[in-house]
Amino acid sequence: MGTPLTEHLCKVLVVGDLGVGKTSIIQRYVHKVYSQHYRATIGVDFALKVLKWGPETVVRLQLWDIAGQERFGNMTRLYYRDAVGAFIVFDVTRASTFEAVPRWKDDLDSKVSLHSGKPIPIILLANKCDQLLEGLGTDLPRLDHFCRDNGFSGWFETSAKDNLNIEEAASCLIKNMIANE
Ligand code: GTP
Ligand code: MG
């Protein structure tokens, strides 16, 4: 007889400004590919990642890749429905994309929460860290404070290009989501 499997189905949102690398992160994580060619997402795309999480547990991550331009649209309330976790992504080479992070956070917090009423766990991704010039990296510890002050569950420096920290960030979000169940 096989061991009974526990399955967790998690709807996860991936948001952040135009061109920060949301689609690239998902493509890297789910399909193990990377392209330097930029094609803006229109509306929303989907990807499914199935992971073994311990010997008897399977996690199915339904990733909602939401176009950066949707922050100015009125569809996000619909897209956010029933999500149990999120990544907010910014581009370390463009300050304006970091300045938009609180706006994405407010958009999420005002439109989605868990059935318990608690906010969904959100992880901040500082993407394109392969582009960070040496010396700029010393600024990143500030993100510890920023995340604590703004109610993020954590943050990671990521690179879709170099495949850095994407699996780690996903594991951190999964831990938080499972703890909420
Ligand atoms: P929208 O769909 O318009 O919201 O953009 P997006 O956030 O999905 O960005 P996308 O993944 O399409 O990436 C935008 C551009 O940044 C592409 O040219 C990618 O190749 C590039 N890019 C993404 N991730 C990285 C990274 O980690 N490092 C570098 N150097 N470039 C990256
Ligand atoms: Mg995209």
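The values are calculated or read from the model by the stated rules, or taken from the named source; none is laboratory data. None of these values were measured; they are calculated from a predicted model. Side chains are part of the model used for accessible areas, which takes the heavy atoms of the whole protein and leaves out ligands, DNA and RNA. Shrake-Rupley method; radii C 1.70, N 1.55, O 1.52, S 1.80 Å.
Calculated [222 nm] ellipticity per residue, helices only, for the chain: -8500 deg cm²/dmol; basis is -39500 (n - 2.57) per DSSP H run with n ≥ 4, divided by all residues, nearest 500.
The angle separating the long axis of helix 22-31 from the principal Cα axis of greatest extent in the chain is about 40 degrees. On a per residue basis, the range 3-51 carries 58 Å² of accessible surface, using protein heavy atoms and a 1.4 Å probe.
Could you please state how large a percent of the accessible area of the range 1-51 is carbon and sulfur, counting protein chains only and using a 1.4 Å probe?
Answer for the range 1-51 is 57 percent, counting heavy atoms of protein chains only.
So, how do all the Cα-to-Cα distances of the chain break down into 5 Å bins, in percent, from 0 on up? Going from the shortest bin to the longest, the percentages are 1, 8, 18, 22, 21, 16, 9, 4, 1, 1, 0, 0.
To the nearest ten degrees, helix 101-111 and the longest principal axis of the Cα atoms of the chain are 40 degrees apart.
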